[in-house]
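These notes concern the structure reproduced below.
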Amino acid sequence: MKPLRVALIPVLVLALAPAGSVQASTVHSPAVVVSKLTGPHSVSDTGGRWQVHATDLGIMWDNGSGEVLAAFGDTFGSTWQPPGANGNDWRSQVLLRSTDRNLADGLSFSSAATDTAGHAKELIPSRKIDNDEITVIPTAGVAVGSRQYLGYMSVRHWGQPGFWDTNYASIAYSDDNGQTWVTAGGPRWDNPGGANRFQMAAFVRRDGFVYVYGTPNGRNGAAHLARVPEGSILNKSAYQYWTGTAWQSGQDTLAAPIVAAPVSELSVQFNAYTGKWLMTYLKGSDIVLRSASAPTGPWSAPAVVASFADFPGLYGGFMHPWSSGPDLYLALSQWTPYNVYLVKVQLNRDATITNPNLVRDPSFERQATGTVSSPWAVRGNGGIDNGTWSFTADRNAFVRYNRGWHDLYQTVAVTPNTNYTLTGWLRTSPNNDNGFFGVRAPGGPPIAEVNFRALGGWTKQTVTFSSGSRSSVEIFAGIWTDNGDMWLQLDDLSLTKS
């Protein structure tokens, strides 16, 4: 939790932020960055269209009428600057809507809950007073019929990384597709001693029930489970808690842990492709995936989806409800750019991860200095940027000079006679007139490449190819710098089987 000052609001505010001092895993991240969901360079230009320049979370659910609703957390306006949460026009939450079913090229939003034209509204007011109610954060969403339900927590105080205090958790509802929300009369889980087990939640509607997966405030508790008949969500006495052996009505203290601590920012869904219940959450410093044959578990061992080592400042990891076939899409937040990205992993039928990103250090976040080091190499003049202008997180690579060829490259092991897709995010100086991104035989000529001129903002480039008889290839990005001082920046590469 990093401190920030919000313009026009004379209080010190802290935001739902990265794991901080938790030791980061060095496990390779199989996840692939697909697109940016919010903020600068986002598919939908959320800043220009709805004044959503910086935000986090992105909790998604099917509204039952052909749209996905996405609830975001603390949101800021046009004066926002990285790193972290800051700026004017602070709203504790906003809601965007999507009809986009082709997630392979990114997720676009078509509308928002607004208070004026072109301005995403705050859904649930918060006092914005530290040690009283600093903010109200959405944690879960579900639709029953035409009514939308939103789980949220009232945050009293943001503490040290991974710790915060809540006043209570509750559920609001909307009968106009998220435009207005009613908080009165909803069930409430008060948290006077800080030990309530249902301060953050994930909702799953199935078999006539809404299952409520809960965790305490902060990032250091276990996961617990309740269920309620789908027509009785607002009636707290209708909730039953899983004791470890049976469902039982009464106090939420009856709920036994179903997943051991630490569990935070849960996302749960029943996945038709695998026939299993899937759970993603922040475990320590990584986003992990687990599966089970029943909502109560037992749950498989956690598999890393995205490592802090590749996505520093990551949190969230909320599954898209329309993920279909083997592709599982998630909304991933990162602290420095304080925005949300769409990432993807592929699953086998048994819900294990397959076809991972083959690029090592794909976002250059494992580079320890400003000099390019293994597994990357540079030909000519180049280095590592460590600033706030990367596409994701904190670092990107670059080449720059005023004459000759300069490129960044990495040798990657591949399977012979297999089709692959290479993607990466690039931008260049305005005078670039001859840039290349592609794959070549190690030390040899290109196999496939794209040629580009000036790229004004971070732009996704895609190359498809067959490995042929090769067991390794060299991925690269470079420019001929024969048009004055020229530069190219590179970030977030992926190489997967097509």
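The values are calculated or read from the model by the stated rules, or taken from the named source; none is laboratory data. This is a predicted model, so every value here is computed, not measured. A quick note on method: Cβ atoms are made from the backbone with ideal geometry, for glycine too, and the neighbour counts reach across all protein chains shown.
Here is how the numbers come out for the structure above:
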{"quantity": "Flag if D433 is assigned to a loop (DSSP other than H, G, I, E, B) and in contact with a strand residue (DSSP E or B) (Cβ under 9 Å, 6 or more places away or on another chain)", "calculated": "yes"}
{"quantity": "Candidate set from region 308-344 (those that are among the small types (G, A, S) and not in a strand (DSSP E or B)); member that is surrounded by the most Cβ atoms within 10 Å (Cβ to Cβ)", "calculated": "G313"}
{"quantity": "All positions within region 159-192 that are assigned to a strand (DSSP E or B) and either modelled with pLDDT under 95 or within 21 Å of the chain's Cα centre (by Cα) (or both)", "calculated": "W164"}
{"quantity": "Counted residues, region 47-97 - those being of a type in the set (K, R) and under 22 Å from A143 (Cα atoms)", "calculated": "1"}
{"quantity": "Unmet requirement for L342, which otherwise passes all of (1) within 30 Å of Q51 (Cβ to Cβ); (2) in contact with a strand residue (DSSP E or B) (Cβ under 9 Å, 6 or more places away or on another chain); (3) not assigned by TED's automatic domain parsing to the domain that holds R101; (4) not aromatic (F, W, Y)", "calculated": "(3)"}
{"quantity": "The one condition in (1) buried (at least 20 other Cβ atoms within 10 Å of the Cβ); (2) more than 22 Å from the chain's Cα centre (by Cα) that A368 fails to fulfil", "calculated": "(1)"}
{"quantity": "Residue that is surrounded by the most Cβ atoms within 10 Å (Cβ to Cβ), among those in region 260-307 that are under 21 Å from T245 (Cα atoms) and among the polar types (S, T, N, Q)", "calculated": "S291"}
{"quantity": "Members of region 294-310 found to be touching an Asp or Glu at 6+ places or on another chain (Cβ under 7 Å) and among the aromatic types (F, W, Y), listed by number", "calculated": "F308"}
{"quantity": "Residues of region 113-131 classified as at positive phi and of a type outside the set (D, E, K, R), total", "calculated": "2"}
